[in-house]
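One structure below.
The values are calculated or read from the model by the stated rules, or taken from the named source; none is laboratory data. All of these numbers come straight from a predicted model, not from anything done at the bench. Backbone-built Cβ (ideal geometry, glycine too); neighbour counts: all protein chains shown.
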Amino acid sequence: MHVRNPYVHNPPDFRALAESYSKLAKFLHDDATLDFTDPEAVCALTEALLRKDFDIDVELLPDRLCPRVANRLNYILWLQDLLDSDSFGSDHTNSSKPIWGLDIGTGASCIYPLMGCRLRRNWHFIATDVDDVAVSTAAKLVSRNNLTERISVCKTDPGNSLFGPHRCGDSHISQHLHFTMCNPPFYSSSADYNASQALKVTPARSFTSAVPAEMITPGGEVAFVMRMINESIEMLRNDVNTGSTWYTSMLGKLDSLKEVVNSLRKRGISNYAVAEFIQGQFTRRWAVAWRFDGRRPLPEIANPSDPLPSTAIRGLLPPSTGWILDLSRTNGAYDDRLLDKVLSMMKDNFGEFMKLEQRSNGENTRYISGYSQQGNVWSRTFRRNKKRKIEEHSYRVEGSRISESTGFGFRIFVEQYTPSTEIQKCTIHWSYGSDPIVFESFCGMLKDRIQRIVSK
């Protein structure tokens, strides 16, 4: 599960839930367990959890997909991480800036928009579906929870663009999207579904009730996400501002994740992220996200270490956006002014071509924030061009005509000295850019210069 998922350390107490939600009580066995092969029992549990933990009042249809709360919450929390990377150090929970998301195939439960709006009061959603029952039921749940001002439920046609604009009632809704999300059907056909069930060596531990539209889509989930990739590229061609959108999808098969990541890499899309959600002992789901502008996710999102991804997906991870330099006392005494000295060094050597400033995040941790519109201004090639005064004006940060795609941004942290290990750490975050090699080059340059400072 996601590290911030409350169910990691506090699994639901079925007996306590049943006491506060009478509908669940009739499905509870004497030993406080539930029969997860009973669709009505599973729906009652979901309704009880949403009411107790999220103040969401729903009545689910027993013949439709019943969302598992903890699993859906994993996806929402991961999306929060991606979006929060764009405004490092800000108070995201209490932000008033509207954040717009698109939920493709919201389903009858409208689970993602409802949970997203409850967890972040500045989130807004366009929720779409091709199924009439799903749209009408989702709209009723939105109204029931007094969220009609923040969630618009729209009926769409399978042939329409996934990303809009969408017609909701008598009006068209066209918002700049900060993110899109989707949980597409796994299977390409009824035969594909039946074949998948036949491969299972043990019976399903939880019953899944659904209509065909919720389980099957032409080409399966891979084809659906490939369509998302193609349409997102087309959106970028028509409107460069869509480059900042995080396009995301949940995936039910590891092989699907491999195909999608390989497709992103072949198209030269290096700014992506993947996640693995482990639910209990048997259920695994994966998620993928991509965008086209240069803003990079935090290192713990791009290449998480807690928990460490399984070996199955480590080869699918994107380029690292973090680098750590350990400065032991053998290289010099602890220096509580090291961050200031690094900033001074950076200004002396690159201040003409970089925007450099010292900031602090919400926890009062100081760091250096830097951005070079020209990109690699520390390279020998750049220095030679500077010396020859070739188009010298184009190197300036202000007034430059260089495309943003060549830009490079970073954050530098100097962590507190630890007496027990006699190590002081310098951490570098890659915050903006398109070329991982430039980041590696920057880290190598910075390592050499910081070690010179420490050894003095």
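Looking across region 27-74, just one residue is aliphatic (A, V, I, L, M) and on the phi > 0 side of the Ramachandran plot, and that is A32. Just one of the numbered conditions (1) touching a Lys or Arg at 6+ places or on another chain (Cβ under 6 Å); (2) in a loop (DSSP other than H, G, I, E, B); (3) among the small types (G, A, S) is not true of S96: (1).
Suppose we filter L17, L34, L28 for residues that are part of a helix (DSSP H, G or I) and either modelled with pLDDT under 90 or over 30 Å from S310 (Cβ atoms) (or both); which single one remains?
None of the others qualify; the one that does is L17.
The residues on offer are L114, L60, and the sole one that is assigned to a helix (DSSP H, G or I), in contact (Cβ under 8 Å) with a residue 12 or more places away in the chain and in the same structural domain as A275 (by TED's automatic domain parsing) is L114. Taken together, the residues in region 1-50 that are within 30 Å of D81 (Cβ to Cβ) and β-branched (V, I, T) amount to 4. In the set T106, T137, T128, only one residue is of a type in the set (S, T, Y) and either farther than 29 Å from P165 by Cβ or part of a loop (DSSP other than H, G, I, E, B) (or both); that residue is T106. Quick check on region 373-383. Is at least one of its residues in a strand (DSSP E or B) and closer than 24 Å to G294 by Cα? Looking through region 373-383, none of the residues is in a strand (DSSP E or B) and closer than 24 Å to G294 by Cα. Residues being in the same structural domain as T427 (by TED's automatic domain parsing), at pLDDT below 90, within 18 Å of D81 (Cβ to Cβ) and not in a strand (DSSP E or B) are entirely absent from region 322-345. Name the residues in region 47-57 that are surrounded by fewer than 22 Cβ atoms within 10 Å (Cβ to Cβ) and of a type in the set (A, V, I, L, M), would you? L49 - this is the single residue of region 47-57 that is surrounded by fewer than 22 Cβ atoms within 10 Å (Cβ to Cβ) and of a type in the set (A, V, I, L, M).
So that you can scan it fast, the table gives a plain yes or no per residue for (1) of a type outside the set (D, E, K, R); (2) in contact with a His (Cβ under 8 Å, 6 or more places away or on another chain):
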position	(1), (2)
R15	no, no
S22	yes, no
F27	yes, no
A32	yes, no
C43	yes, no
L60	yes, no
L73	yes, yes
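For first residues located in region 203-228 and over 15 Å from A108 (Cα atoms), partners that are modelled with pLDDT under 70 and in a loop (DSSP other than H, G, I, E, B) and lie 6+ apart or on another chain with Cβ distances below 9 Å form the pairs R205/G280; R205/F282.
Here S270, S305, S249 are screened, and the one residue that is in the same structural domain as N183 (by TED's automatic domain parsing), assigned to a strand (DSSP E or B), within 17 Å of the chain's Cα centre (by Cα) and among the polar types (S, T, N, Q) is S249. If I ask for residues that are assigned to a strand (DSSP E or B) and either within 20 Å of the chain's Cα centre (by Cα) or modelled with pLDDT of 90 or more (or both), which ones from region 174-189 would you list? Result: F179, T180, M181, C182.
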